[in-house]
Every structure is written in C-alpha cells, then in structure tokens.
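I have placed the structure first, in the form of structure tokens, so that the comments after it can refer back to it.
The values are calculated or read from the model by the stated rules, or taken from the named source; none is laboratory data. Not measured: the values here are computed from a predicted model. As a convention, Cβ positions derive from the backbone with ideal geometry for all residues, glycine included, and neighbour counts pool all protein chains shown. Only protein heavy atoms, including side chains, enter the accessible area calculation; ligands, DNA and RNA are left aside. Shrake-Rupley method; radii C 1.70, N 1.55, O 1.52, S 1.80 Å.
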Amino acid sequence: MQPAVGECVYCGEPFCDAHGVRGEDYIEVCTRRHCQAKWRDVREHQEWRARVATANRSSVCAHDPCEERMAHRCQRCRLMFCATHLKPRMIIDRQYDPPRRVTALLCMHCTSRRELWD
C-alpha cells in the first residue's frame, strides 16, 4: 500500500501518487470516475463562462447565439440572460442547516450540470 499524498476535494478520500492528481492550482483530485467528471466539468464551466460573459458586457443575453437584452441573473453562474433562457427550477440550497429545497432561476447550462453535482 502506497502512502497518501493528497485528499480529494470532491469525495474527501486520501489517495496515493498512482490514484490521484495534484493540479498546478493546488487542487487534489482522486482518480474515481465521478470525481474526475466533476474536475472536468469545473474546467469546462470556467471556460464556458469566460466565453459567454462577453455578451453581458454589451447588455445581451449570455446564451449563444441569443441577441435579446439581458433581464435576469442565473442564480448559479451569476451571468445575465433574457427571460427565455432562464427557467425556475427546484434546487437544494445548502446554505441552510438543514439544506432545503427552494426555487431558483437557472440558465440551461447550469441546469444541465445539476445531474453531476446534485
């Protein structure tokens, strides 16, 4: 058995050199499929957010290729969208103790990510 060199930020389990990654940004992620999927999703989300945020700088909906004026903020990614590209969704709000189900306005991108994170 190899000694642990890190602790996964997603599942909290320790891992050895052969079963995890210690990223350049000091992130530690084990090789479990679900944890690797979350790590990939975070990177892809950050890239997506940077790419579509430019629309908000000119008061346009962040949903590409929408040209409508922005109207409301997604409660997950914090970008602005027109009314067509935000929908109310039931989410679990972990800011409460115990966590509770609340309604939140989410864009389609954040809605699609919920399966991985919920």
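Quick look at the values:
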{"quantity": "Members of region 57-79 that are touching a residue at least 12 places away in the same chain (Cβ under 8 Å), closer than 27 Å to ASP25 by Cβ and open to solvent by 30 Å² or more (accessible area, probe 1.4 Å)", "calculated": "ASP64, ARG73, GLN75, ARG76"}
{"quantity": "Some residue of region 54-64 being in a helix (DSSP H, G or I) and at pLDDT 95 or above", "calculated": "no"}
{"quantity": "All positions within region 80-118 that are in contact with a Ser or Thr (Cβ under 9 Å, 6 or more places away or on another chain) and open to solvent by less than 40 Å² (accessible area, probe 1.4 Å)", "calculated": "MET80, ILE91"}
{"quantity": "Members of region 7-31 found to be open to solvent by less than 20 Å² (accessible area, probe 1.4 Å), farther than 20 Å from ARG43 by Cα and outside any loop (DSSP other than H, G, I, E, B), listed by number", "calculated": "PHE15"}
{"quantity": "Residue that is surrounded by the fewest Cβ atoms within 10 Å (Cβ to Cβ), among those in region 32-56 that are among the basic types (Lys, Arg) and under 25 Å from CYS77 (Cβ atoms)", "calculated": "ARG33"}
